[in-house]
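Following: one structure in structure tokens, then a few remarks.
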Amino acid sequence: MRFEATDLDGAWLIRPEPMQDERGFFARTFCVIEFGDHCFETKFPQHSVSHSSRKGTVRGMHFQKVPHEEVKLVRCLTGSIFDVIIDLRPGSPTFRRWQGFELSSDNGLQLYIPKGFAHGFQTLVDDTRVNYLISEFHAPAAASGVRYNDPAFDVRWPLPVTTISEKDLLWSDFAG
């Protein structure tokens, strides 16, 4: 695996290094030693998957409030997404900045998202499946978010939004 720093403090792209032969390829997507060498989280007690049927679907922007903040390791299993993270850590040098990444089943990229970030994505094709490794158990009372189109961040989504949950539409403006 190759670890590539993003423009946001503490967030990383992880690029697999597939070994190819006549059968296809094999690639590691997680290694406790390599993640530990980068001072990354290595315990992920919750693994989740989402499926979105329609191109243009937006999920997010989600996070869990203190003390239930979580690290996420996100990978697109089928299809393609525009994955967005927003740094919500007030003391961070990249506070209130966002960055987007194309994750797809073809490029195999993973995104390591530290605690204190909001996370969401837009599907770029129909029938997209996304896998998440999550460092904390879901705490419903700590679940929160910011609106996908909050003017405080001005995220530029690549497609018109076709589907989004009512809950994600109703997050209030960011007050931080």
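In the stretch 69-136, which trypsin sites (Lys or Arg not before Pro) are in a loop and have at most 16 other Cβ atoms within 10 Å, using DSSP for the loop call? Counting only loop positions with at most 16 other Cβ atoms within 10 Å, the trypsin sites (Lys or Arg not before Pro) in the stretch 69-136 are ARG96, ARG97.
At a Cα cut-off below 20 Å, give the lysines reachable from LYS43, other chains included and same-chain residues fewer than 8 away excluded. Reachable lysines: LYS65, LYS72, LYS115. The string of couplings for the stretch 121-132 from the Karplus curve (6.51, -1.76, 1.60, θ = phi - 60°) is 7, 10, 6, 9, 9, 5, 6, 10, 10, 10, 10, 10 Hz, one whole number per residue in order, with x for Gly and Pro. Measuring nothing but alpha carbons in the chain and taking Rh as the Kirkwood radius, the Rg to Rh ratio lands at 0.95. Between the residues GLY91, PRO16, GLY145, the greatest Cα displacement towards the positive end of the dipole of the chain, with unit charges on the Cβ of Lys, Arg, Asp and Glu, is found for GLY145.
To the nearest 20 debye, what is the magnitude of the charge dipole of the stretch 1-100 about its Cα centre, counting +1 on the Cβ of each Lys and Arg and -1 on the Cβ of each Asp and Glu? Working shown, then result.
Working: 14 positive and 13 negative charges, 104 e Å.
Value, rounded to 20: 500 debye.
Stokes-Einstein diffusion of the stretch 71-114 at 20 °C, 1.002 mPa s viscosity, Kirkwood radius from Cα pairs, rounded to a whole number: 190 µm²/s. Taking chymotrypsin sites (Phe, Trp or Tyr not before Pro) across the stretch 74-176, the ones in a DSSP loop with at most 12 further Cβ atoms lying within 10 angstrom of their Cβ are PHE137. What residues from the stretch 23-65 fall in the zone where the backbone N is under 11 Å from a label point 7 Å along the Cα-to-C-beta line of GLU4? Within reach of a label on GLU4: no residues.
Every number in this text was worked out from the coordinates using simple rules, so none of it is lab data. Keep in mind that this is a model prediction, so the values were computed, not measured. Neighbour counts are summed over all protein chains in view; Cβ atoms, including those assigned to glycine, are modelled from backbone coordinates with ideal geometry.
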